[in-house]
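Data first, discussion second: the structure below is written as structure tokens.
Here, each number is a calculation from the coordinates, and none is a lab measurement. All values reported here derive from a predicted model rather than from experimental measurement. Cβ placement follows ideal geometry from the backbone for every residue including glycine, while neighbour counts extend to all protein chains displayed.
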Amino acid sequence: MKLNHYRILLLSLGLVTVCFSYSLAQDEKQAAIQALKRLATVYKSSMNLSFNAAFYYADEKQPHEILDSLQGKFKISGNNYWYALANTEIISDGQFAVILYKEDSLMYLTRSSAATQSINPVALIDSFLVHNTNLNLHSRTNNGQQMITIDFPANGPYKSIVYTINPKTGFVVQMRSIVKSDQLLDPGVRAAGGSSPGYAIVDVVLNNYKVNEPGSNIFSMSNYFKKEGKEYVTVAPYNTYKIFLGSPDL
């Protein structure tokens, strides 16, 4: 099975919700909603936050058999974010977003937008809550850890997402998503009829959190490209990369 690691990230790592302007205010949901609000505040207020993430993929019917895994590193500071996953790096400073495909020596440059902000692991879960008002949210404590569960309507791409939060630090230490297996496949595989029935489990383990970590210069776009006249060109150590513009108004 050819898994798309990038899709595993996008479909699994929704750390916190950024906006609760819509109503999910039934009484039984209040504890979970308040917990997610606190979670959002913790991540948004932690400047130069860094952490590691390990991803594990399994079939829902055989949850103890790991089919694939990968490691990632993240840095977040306000609306700025950087992460490295396998041979891909993604950086955004709120104005521009850069994706580095190292295997292909390709730099994808676009303006930061709602679409690229959805790549930000701090913002992903918001889109789920906006587009799914018929959600069930639960909050409980297990072995001293707070667990927030989001159950999705039947037959959708997701069954559930469970966040495990360290109450002392306020950070997520583990997340489990149950998602349709074909959502994690490379688009070419799905188009060729390689879709798998059923659901998959994606576990994300987060650790090594550090706040006010040095190296915030990593968000500076001058590390990746410069503009010469009307042209964007890459700079060292990416000067051998081909640059591809993803926004027509650049």
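Odds and ends about this structure:
- Relative protection proxy for 170-181, 150-161, from highest mean packing down: 170-181, 150-161 (other beta-carbon atoms within 10 angstrom).
- Protection-proxy order for peptides 232-239, 200-207, each taking the mean of Cβ atoms within 10 Å per residue, highest first: 200-207, 232-239
- In this structure, the pairs whose alpha-carbon distance is over 25 Å, taken from 44/168; 37/159; 44/102; 44/226, are 44/102; 44/226.
- In terms of surrounding Cβ atoms within a 10 Å radius of their Cβ, 240, 110 rank from fewest to most as 240, 110.
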